1. In the list 144, 127, 139, 88, which residue meets the criterion of being under 25 Å from residue 181 (Cα atoms) and basic (Lys, Arg)?
2. Within the stretch 122-132, take every residue that is of a type in the set (Val, Ile, Thr) and closer than 12 Å to residue 158 by Cα and give me the one that is surrounded by the most Cβ atoms within 10 Å (Cβ to Cβ).
3. For residue 163, state whether it is acidic (Asp, Glu) and either surrounded by 21 or more Cβ atoms within 10 Å (Cβ to Cβ) or at pLDDT below 90 (or both).
4. Looking at the stretch 109-127, I want the residues that are under 15 Å from residue 43 (Cα atoms) and in contact (Cβ under 8 Å) with a residue 12 or more places away in the chain and have a partner that is in a loop (DSSP other than H, G, I, E, B) and of a type in the set (S, T, N, Q) with Cβ atoms under 6 Å, at least 6 apart or on another chain. Which pairs are those?
5. Please determine, by comparing only the residues of the stretch 42-75 that are small (Gly, Ala, Ser) and within 23 Å of residue 158 (Cα to Cα), which one is least open to solvent (accessible area, probe 1.4 Å).
6. Does residue 140 fit the bill of being open to solvent by less than 70 Å² (accessible area, probe 1.4 Å), within 14 Å of residue 174 (Cα to Cα), at pLDDT below 95 and in a loop (DSSP other than H, G, I, E, B)?
7. Can you tell me which residues in the stretch 90-107 are out of contact with any Leu (no Cβ under 6 Å at 6 or more places or on another chain) and open to solvent by less than 30 Å² (accessible area, probe 1.4 Å)?
8. What is the number of the single condition among (1) closer than 27 Å to residue 48 by Cβ; (2) part of a loop (DSSP other than H, G, I, E, B); (3) open to solvent by less than 20 Å² (accessible area, probe 1.4 Å); (4) not basic (Lys, Arg) that residue 153 does not meet?
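The values are calculated or read from the model by the stated rules, or taken from the named source; none is laboratory data. Note that this is a predicted model, so its numbers are computed, not measured. Glycine gets a Cβ as well: all are built from the backbone with ideal geometry, and neighbour counts include every protein chain shown. For the accessible areas, the whole protein counts, side chains as well, though only heavy atoms, and no ligand, DNA or RNA atoms are used. Shrake-Rupley method; radii C 1.70, N 1.55, O 1.52, S 1.80 Å.
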Amino acid sequence: VVSFLGQGEWRTNYFAVRAGVTTVVPISDFWTDPTLANSDAIQDNAIHLTTQNEVSVQALNYLDFTTDGYLALPTALLGTEYVVLGYRNSPDPGNPAEPVGGTQFAIVATEDNTQVAITPTLTTVSRVAGVPYQITLHRGQTYRLINLDSLTGDLSGTTISADKPVAVFGGHQCANVPAGVLACDHLVEQL
């Protein structure tokens with residue numbers, strides 16, 4: 001069963017998996033939600049997958065010319081202490097005064113009343129580099145911080161500490177790899 005928030009309401013997809021066969025479970029309308037671009041906000045937009053038997057889950061964000069994916073980890077493997085690994089911003093080759101995309105991380109709570117302390121390495125929105133702040137997340141809620149201001153900043157090294165297991169993702173909205181190329185790629189990895 002895959003549950004996710006799409007178009008303002010929780011949706012559920014039921015599916016069956018045969019051993020040794022890849023099963024694709026599309027959730028395409030999930031990605032059309034404009035709130036997915038929000039930064040420094042708590043949202044109800046986690047994807048929750050449950051199965052009767054053990055499975056391997058790969059998440060894939062497929063967009064023309066900028067596809068990326070990751071191995072999704074089960075709740076039993078989640079931790080409470082993380083150091084973010086993202087990717088640095090770079091100037092837009094077409095407009096060198098603006099960064100391309102944004103270095104980012106996201107947190108997903110697995111339990112209600114999860115207290116999370118975050119110490120960012122880069123001043124982003126109202127969050128000051130090196131100054132810890134606290135948020136409270138409930139099961140299924142997410143928090144994402146995206147830096148769209150710094151030309152070369154990186155949220156890598158940001159520390160995240162929670163009192164209950166959380167999933168943490170690091171990456172970049174659209175990174176130029178290497179800097180200066182005329183194309184950018186979405187980068188994401190579950191940490």
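1. Just a single option satisfies the conditions, and that option is 88.
2. Among those residues, the one meeting the criterion is 124.
3. In short, no.
4. Pairs found: 109/141.
5. Checked the stretch 42-75; the qualifying residue least open to solvent (accessible area, probe 1.4 Å) is 46.
6. Taking the combined requirement at face value, the residue does not satisfy it.
7. 90, 100, 101, 104, 106, 107
8. So the condition that residue 153 fails would be (1).
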